[in-house]
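As structure tokens, the structure follows; a few thoughts come after it.
The values are calculated or read from the model by the stated rules, or taken from the named source; none is laboratory data. All of these numbers come straight from a predicted model, not from anything done at the bench. With ideal geometry, Cβ positions are generated from the backbone for all residues, glycine too; neighbour counts draw on all protein chains shown. Just so you know, the surface numbers come from the protein's heavy atoms only, side chains and all, with ligands and any DNA or RNA stripped out. Shrake-Rupley method; radii C 1.70, N 1.55, O 1.52, S 1.80 Å.
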Amino acid sequence: MKKIFNKLFLLSLLSLSVGCADFLEENNQSGLTADGYFVTLEGIEALVNSCYTPMRFWYGKENGIAMTETGTDIFTRGNGMENPPVALYNSDLSGANGPLNFYWTRLYSALNTTNAAVKRIPDSPLSAALKLEREAEVRFLRAFYLWHIVETWGGVHLSLDEVTVVQTTANRTPVEEFYAQIFEDLTFAVNNLPPSSIDYGRAIKPAAEAFLARMHLTRGNNAEASTLAKQVINNYSYALEENYADLWDINNIRNSEVVWLVNFSADQVLNRELESPDGDILLRDGGNNSHLFFLMTYDQLPGMLRDINNGRPFARFMPTAYLLDLFDESVDSRFDATFQTVWYANRPGTFSLPLTDGSTKDVTFSEGDTAILATKYPMTNAERDALPYTTIDRNRTYGPDDEPRVRDRYMSLRKFLDPSRPTISQQQGQRDAFVIRLAEMYLIVAEAEMNLGNMGEAASHFNEVSRRAALPGQEAAMEVAPEDITLDLILDERAREFAGEQLRWFDLKRTGKLVERVQAHNPDAAPNIRPFHMVRPIPQSQLDAINNKDEFFQNEGYL
Amino acid sequence: MGGYADIMTGPEWVDLRRESRRTVGEWNGPDDDANIFNPTQLENFRNGVYTDWARELLGMGSQQNHQIGISGGDKKLSYYFSMEYFNEKGLLVNDELDRYSGRMTVDYKVTDRLKLSTNLMYTIRDHDRRRDPLNQANKMSPLGPAFDAEGNVLIFPVGDASTLNPLTDQVPGNYQDNEMNRRFFGNVSLDWMISDKISFTSRLGVDNTTSRRGLFSATNTIEVGPNGLSIARLNNRFASRNTWENFATYTNTFGDHNLQVLLGQSIWATTNETSFSEGRDLLSPTMLYQNIGATQTAVRVGSNYDRTSLASFFGRVNYKYKDRYLFTGVLRTDGSSVLAPGNKWGFFPSAALSWIAKEEGFLSSNDAISEMKFRLSYGVSGNSAVSAYQTLGGLSKSTYAFDRGAAELPAFGFYPSLIAASNLGWETTASTNFGVDFGFANNRITGSLDLYQQDTKDLLMQRALPTTSGFTSSWDNVGRTRNRGVELLLSTINVDRSQGLSWFTDFTFGANKEEIVELVEGDRDLANGWFVGYPISSYYDYEKLGIWQLGEESLAAENQQLPGEIRVRDQDGNGVITPEDRTIIGSNVPRFSAGVNNRFSYKDFELNVFVFARVGQMIVSEAAGSYKIDGLENGPMVDYWTPENPTNSYPRPNAGTSRASTRYYSTLRYEDGSFLKIRDVTLAYNLPAQIAQRLSVSRLRVYTTAKNYFVWSNMGPYDPERGGNLSFPMTRQMVFGLNIDL
């Protein structure tokens, strides 16, 4: 018996002496560390891949669209909008705003990730050629994120280092320094990216040139902007789609006009974006969600059921009357390509239809009959009551000063409809978000040349875009003469061409027209907007968390 | 079900929605109703059709518990054996727990000097969970019927294709979420009396849990949403904790001196292994979660492993002099895997002195003072409750895709998501305790009084970081806290007649003051809400004064506000409300709590009444913070401002804002959580001994208990002991029980 105990004693002593150091050492087999993984070939590629993902938070997502389309002259708050202050610039727009905090957090995480990649690629086991290419991709993306940060919040924190120890301060870096870095990164990208890639969606040279053209235009470097935009037009095989409506065909996502895009997938496994450290997904609805937000709730009206072709209506955003009036639909194909104005019955039967005097009449729909008609023109009560379907005329939606009267009955932007989704309820769409289309390059040339006084060249590039948009035989009617080119005309054309494409707020800010145009054309936001709204409030949680509160402070004007 | 919250009825919600649209000029009278309600809801409203969804969902739950225990033995062997069955049906349909447990303990004396023991326990928990339907019930429009004419659950009851009936999850076959948890716990130990003075113990233990959680949720359930693809998901987890401890004890007595010395060592390691699979659009709902391979799309899998370990060495001295002076001293050192290299080991001494004054000559024969003992202790303890691998930092997965030809090329990646907490060390608490145990009047009055102070340093907390760093939070040793308090226990025998009435009272009282003494930097950490001089869990926010009233337009305008909006205090008096005007408005730490338990018995009857109070804590009330200012959804009925109702409680309904973006909305959530309640009342009847004997039992007791039936607080129908949450109301229980001793 004693021998057994002696052995036990020995064993336990052994476990003490040998075990302790190893016994308490951590080895995270399910996880990875930066220093362990990013030095490998697969690790550095994984780091580069992860630099692309944050784009998916902004593009094709509800709040990214809200921050770029509402609070402008062309879209305002719909019935279901969950973050109205962004559309209204009222005093509720503050550092407490949740979506702003979300983007602040994600964009700085993206900056840290791209910083890590820029720093680590040169020491990685990639081949020399691939090192340059990957670094160029990542620096393109870093410039892309920096632009979103600086345009949204102005001269806020800028760091180019990978953060490895807890940081409790932040700096205020002037806007000029942000742009200096953006230009430096993009120049590197233009010089080192290949003209094309076997992987569609990877950063390539024309995308970097196109984005650099946008940056030069933003900073008033008109000659550079024009030169770069023309390079994109002339040096590659991009071409305007013949028919504007075809751009939005869900079966034509990869078309000849897309210069830069955010890739989304039909495979939900590939739409999962970022996981948090505990394995949760950071944003629940992966994929492109833009098909949801611009649609009015047609499915509540007689003769209509929700279906895949008409979409799942979230009623978040509605057009301003001004946007509708910008189109001359008798010559411009873009009106019908952009807006759904007729809904055809998909729920046959007899329904009672409310009349303007409060009484009702019975109407019977067969499959495919007109059930709802929306028009931007006013109708008389007699005209409306005479029609055997629901009418949404101008007066139904908008008041005498074009202020919205109701926010769930309006013409719906249909460019992003995605009938390829397997179910009507699925929020994840596969449509790639177009970030830069070739049409923008023509309009950049037009604007830059106008600024340089070359009106002829401005008009010829402008007309490339408007001619393409013309209804058959109306090309001449859509053209403008060199002397007609003005900044406002270009902004109007951009509204017609890019409505909903997450450019508008930046366009108005770039041209100094944000306050003026919102006051003139957006009755919801007009009473509230002030010049300080050209930048957004910094999240209060950021201001609370830093130790240098005297140096890093809220943007002017925000309480 | 216990106290809940009053959700708006159909007409109340119609008023809210109208007011919210009136504020933005979209509603001027009932003629505009068609603009703000969908046709179905408008018709239901006009016909008086509306539903209290929560009432449809919440029913009566029940509990059952059956247990038998047998113990016995002889000179060599002793044993204890028990079996137990427990069943609980929740307030919601399909919320049910079955638990079976078995336990066996055997001690066997091999020789006079050698004892072997085993202790085994097995538990099976079979738990059907219901996905919380109350969130949906409380927010959806009430303007619809729950059932159609045939009595079937109406899937879309309020006229749109996006609002599901919260009852859909209880339609047979629609939803199952089952957790099957099997736990085996056991240890074997060996006690060896090497000599009369020296003994040695070695104990080896395992605690293994396997858990399987399966979920199936059909189309049109709350989990997958309207017309969503069905989902099947399976989570498996294997958790194991292995422990081994060895210690030797030396015991000796020298005259009046009694000494015991213990030296030992222990190690434990826990591992967690999880795996997970999920898919959508199951080929047949009959397969539930038992064939994930039969899902058709969005298949996901995952697995994870983690391990933590702790090693300890310890020594203890117990010394007793004349059975009245007692001393205990402990020295221990612990090493924890989750802390940073260099900081893994901590050293934790403690000492305690007791004096049993009653044993002294001057008290031993005193009848008035029947018991008297003084205790004094000081000790340092450590805490390393951090999840594994925080000191290493980490990466998280990212997903992207490129197109290569017609195919999609996955572009998964990893990005830095967790910053390394590379200095993480032990949190230590030094506790000083002074206590008295007393008994008076032949122990008719007994009790104890304790005074304590706990000084904690290197507090282990997760702290928020400025997100410009690229990270949102990190574990850290963040500061020092102090807790001071008093605890009193008093038991009295008021009446005690062997045949007639007896009445016993137990009184407890506890008060504690918690405060932060020091932070890493400065004395205010706004991001985390930590302030020197205040409890860790303090609420830092604006102080609500009321609502801006008509006539106060110009004052309100200085802060870009309008009548009907929330008015808060301008703490710094500079005329404008900024984040600087936030202040510490309370904490969830109670000032004190007290309980009184009265036990009466008369002949064969017993009555037990337990009254409990907790006072001074502020709670964040989900109901108070669920006011639907935008009228988009339904919520609790509150007294909201309108031009005709100049209240100071809740702001004006406004379709032009949202809950998340209404300024100072968070100030609506805070409520005084103080309460007084009769936590339970039990009435019991013991079968008289003679009758019991005739039934061959030694005792037979029948009882009924009412739990949580009587509550007094400032929170209306809500029971504040739940802490503010709305989705899982406090249950009121009526218990009927039977105890039989053979």
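Tell me whether the range A:280-291 contains one or more residues that are part of a loop (DSSP other than H, G, I, E, B), closer than 30 Å to A:Ala526 by Cα, open to solvent by 30 Å² or more (accessible area, probe 1.4 Å) and at pLDDT below 95. Within the range A:280-291, none of the residues are part of a loop (DSSP other than H, G, I, E, B), closer than 30 Å to A:Ala526 by Cα, open to solvent by 30 Å² or more (accessible area, probe 1.4 Å) and at pLDDT below 95. Restricting attention to the range A:220-234, and to residues there that are surrounded by fewer than 16 Cβ atoms within 10 Å (Cβ to Cβ) and in contact (Cβ under 8 Å) with a residue 40 or more places away in the chain, which single residue is nearest to A:Phe144 (Cα to Cα)? Only one residue fits best here, namely A:Gly220.
Quick check on this structure: which one of A:Ala321, A:Ala337, A:Ala345, A:Ala315 is under 20 Å from the mean Cα position of the chain (by Cα) and either closer than 19 Å to A:Thr391 by Cα or not small (Gly, Ala, Ser) (or both)?
On the way: A:Ala321 fails: under 20 Å from the mean Cα position of the chain (by Cα); A:Ala337 fails: either closer than 19 Å to A:Thr391 by Cα or not small (Gly, Ala, Ser) (or both); A:Ala345 fails: under 20 Å from the mean Cα position of the chain (by Cα).
The unique qualifying residue is A:Ala315.
Residue pairs whose Cβ atoms lie under 7 Å apart, sitting 6 or more positions apart in sequence or on different chains, and linking a residue in the range B:520-536 that is more than 10 Å from chain A (Cβ to nearest Cβ) to a partner that is outside any loop (DSSP other than H, G, I, E, B) and open to solvent by 80 Å² or more (accessible area, probe 1.4 Å), are B:Phe531/B:Arg524; B:Val532/B:Glu518.
Tell me the residue from A:Ser330, A:Ser352 that is at pLDDT 95 or above, open to solvent by 50 Å² or more (accessible area, probe 1.4 Å), more than 29 Å from the chain's Cα centre (by Cα) and at negative phi, please. If you could, list the steps in order and put the result at the bottom.
Numbers: A:Ser352 fails: at pLDDT 95 or above.
Just a single option satisfies the conditions, and that option is A:Ser330.
Among the conditions (1) surrounded by fewer than 16 Cβ atoms within 10 Å (Cβ to Cβ); (2) within 14 Å of chain A (Cβ to nearest Cβ), B:Asp496 misses just one, which is (2). Return the residues of the range A:363-383 that are in contact (Cβ under 8 Å) with a residue 24 or more places away in the chain, under 25 Å from A:Thr320 (Cβ atoms) and surrounded by fewer than 19 Cβ atoms within 10 Å (Cβ to Cβ); say none if nothing qualifies. Matches in the range A:363-383: A:Leu373, A:Thr375, A:Asn381.
Do we find a residue being of a type outside the set (Gly, Ala, Ser), free of Cβ contacts under 8 Å to residues at least 60 places away in the same chain and open to solvent by less than 10 Å² (accessible area, probe 1.4 Å) anywhere in the range A:443-459? Yes, the range A:443-459 has at least one match. Look at (1) among the β-branched types (Val, Ile, Thr); (2) without any contact (Cβ under 8 Å) to a residue 40 or more places away in the chain; (3) away from chain A (no Cβ under 14 Å) and you find that B:Ile369 fails only one, number (2). Hey, can you tell me all the residues within the range A:23-75 that are more than 7 Å from chain B (Cβ to nearest Cβ), surrounded by 19 or more Cβ atoms within 10 Å (Cβ to Cβ) and part of a loop (DSSP other than H, G, I, E, B)? Residues satisfying the conditions are A:Phe38, A:Pro54, A:Tyr59, A:Gly60, A:Lys61, A:Gly71, A:Thr72, A:Asp73, A:Ile74.
Every condition in (1) in a helix (DSSP H, G or I); (2) over 19 Å from A:His148 (Cα atoms); (3) open to solvent by 10 Å² or more (accessible area, probe 1.4 Å); (4) in contact (Cβ under 8 Å) with a residue 60 or more places away in the chain holds for A:Arg106 except the one numbered (2).
Mind checking whether some residue in the range B:57-68 is among the hydrophobic types (A, V, I, L, M, F, W, C), touching a strand residue (DSSP E or B) at 6+ places or on another chain (Cβ under 7 Å) and on the phi < 0 side of the Ramachandran plot? For the range B:57-68, residues among the hydrophobic types (A, V, I, L, M, F, W, C), touching a strand residue (DSSP E or B) at 6+ places or on another chain (Cβ under 7 Å) and on the phi < 0 side of the Ramachandran plot: present. Of the residues making up the range B:278-301, none is within 14 Å of chain A (Cβ to nearest Cβ), closer than 30 Å to B:Ala248 by Cβ and either in a strand (DSSP E or B) or free of Cβ contacts under 8 Å to residues at least 12 places away in the same chain (or both). Checked against (1) under 30 Å from B:Met8 (Cβ atoms); (2) polar (S, T, N, Q); (3) open to solvent by 20 Å² or more (accessible area, probe 1.4 Å), B:Ser626 passes all but condition (3).
Restricting to strands (runs of 3 or more DSSP E) lying wholly in the range B:378-449: which have 2 or more residues that are open to solvent by 20 Å² or more (accessible area, probe 1.4 Å) and polar (S, T, N, Q)?
Working: elements: B:394-398, B:401-404, B:407-410, B:413-418, B:427-440.
Of the strands (runs of 3 or more DSSP E) lying wholly inside the range B:378-449, those with at least 2 residues that are open to solvent by 20 Å² or more (accessible area, probe 1.4 Å) and polar (S, T, N, Q) span B:427-440.
Report yes if some residue within the range B:197-214 is in a loop (DSSP other than H, G, I, E, B), farther than 30 Å from A:Asp408 by Cβ and not polar (S, T, N, Q); otherwise report no. Spell out how you get there, then give the answer.
Keep residues of the range B:197-214 that are in a loop (DSSP other than H, G, I, E, B), which gives B:197.
From what's left, farther than 30 Å from A:Asp408 by Cβ: B:197.
From what is left, the residues that are not polar (S, T, N, Q) are B:197.
Looking through the range B:197-214, at least one residue is in a loop (DSSP other than H, G, I, E, B), farther than 30 Å from A:Asp408 by Cβ and not polar (S, T, N, Q).
Within the range B:636-651, restricting attention to residues that are within 19 Å of B:Asp6 (Cα to Cα) and outside any loop (DSSP other than H, G, I, E, B), the residue that is modelled with the lowest pLDDT is B:Pro636.
I'd like the residue in the range A:299-312 that is at negative phi and more than 24 Å from the chain's Cα centre (by Cα) and, out of all such residues, is least open to solvent (accessible area, probe 1.4 Å). Working first, answer last.
Start the filter on the range A:299-312 by keeping residues that are at negative phi, which leaves A:299-302, A:304-310, A:312.
Add one more test, that the residue is more than 24 Å from the chain's Cα centre (by Cα), and what stays is A:299-302, A:304-307.
Numbers: A:Asp299: 17, A:Gln300: 36, A:Leu301: 16, A:Pro302: 19, A:Met304: 0, A:Leu305: 86, A:Arg306: 38, A:Asp307: 41 Å².
Residue satisfying both the conditions and the ranking: A:Met304.
With a cut-off of at least 1 residues that are out of contact with any Ser or Thr (no Cβ under 8 Å at 6 or more places or on another chain) and of a type in the set (Gly, Ala, Ser), name the strands (runs of 3 or more DSSP E) lying wholly within the range A:307-372.
Details: elements: A:317-319, A:342-344, A:349-354, A:360-365.
Here the list is empty.
Looking at A:Ala448, is it in contact with a Lys or Arg (Cβ under 9 Å, 6 or more places away or on another chain) and closer than 29 Å to A:Arg254 by Cα? No.
Mind checking whether some residue in the range A:420-430 is surrounded by 18 or more Cβ atoms within 10 Å (Cβ to Cβ) and of a type in the set (Lys, Arg)? Looking for residues that are surrounded by 18 or more Cβ atoms within 10 Å (Cβ to Cβ) and of a type in the set (Lys, Arg), one finds at least one in the range A:420-430, hence yes. Among residues of the range A:292-309 that are facing chain B (nearest Cβ under 10 Å), those with a Cβ under 6 angstrom from a residue that is among the polar types (S, T, N, Q), sequence gap 6+ or separate chain, pair up as A:Gln300/B:Asn38; A:Leu301/A:Thr390; A:Leu305/A:Asn346; A:Asp307/A:Asn346.
Filtered by the rule that a residue be within 25 Å of B:Arg213 (Cβ to Cβ) and open to solvent by 30 Å² or more (accessible area, probe 1.4 Å), the range B:104-126 gives B:Met121, B:Tyr122, B:Ile124, B:Arg125, B:Asp126. The set of residues in the range B:450-473 being closer than 29 Å to B:Asn528 by Cα, open to solvent by 30 Å² or more (accessible area, probe 1.4 Å) and either in contact with a helix residue (DSSP H, G or I) (Cβ under 7 Å, 6 or more places away or on another chain) or away from chain A (no Cβ under 14 Å) (or both) consists of B:Tyr452, B:Gln453, B:Gln454, B:Asp455, B:Lys457, B:Asp458, B:Ala464, B:Thr472. Determine whether B:Ala239 is open to solvent by less than 40 Å² (accessible area, probe 1.4 Å) and facing another protein chain (nearest Cβ under 10 Å). Judged against the criteria, B:Ala239 is not a match.
Among the residues of the range A:164-201, those identified as closer than 18 Å to A:Leu111 by Cα, within 14 Å of another protein chain (Cβ to nearest Cβ) and open to solvent by 20 Å² or more (accessible area, probe 1.4 Å) are A:Thr164, A:Val165, A:Val166, A:Gln167, A:Thr168, A:Thr169, A:Asn171, A:Arg172. Can you pull out every residue in the range B:708-722 that is part of a strand (DSSP E or B), open to solvent by 70 Å² or more (accessible area, probe 1.4 Å) and not hydroxyl-bearing (Ser, Thr, Tyr)? Once the filter is applied, which keeps residues that are part of a strand (DSSP E or B), open to solvent by 70 Å² or more (accessible area, probe 1.4 Å) and not hydroxyl-bearing (Ser, Thr, Tyr), the range B:708-722 yields B:Phe710, B:Trp712.
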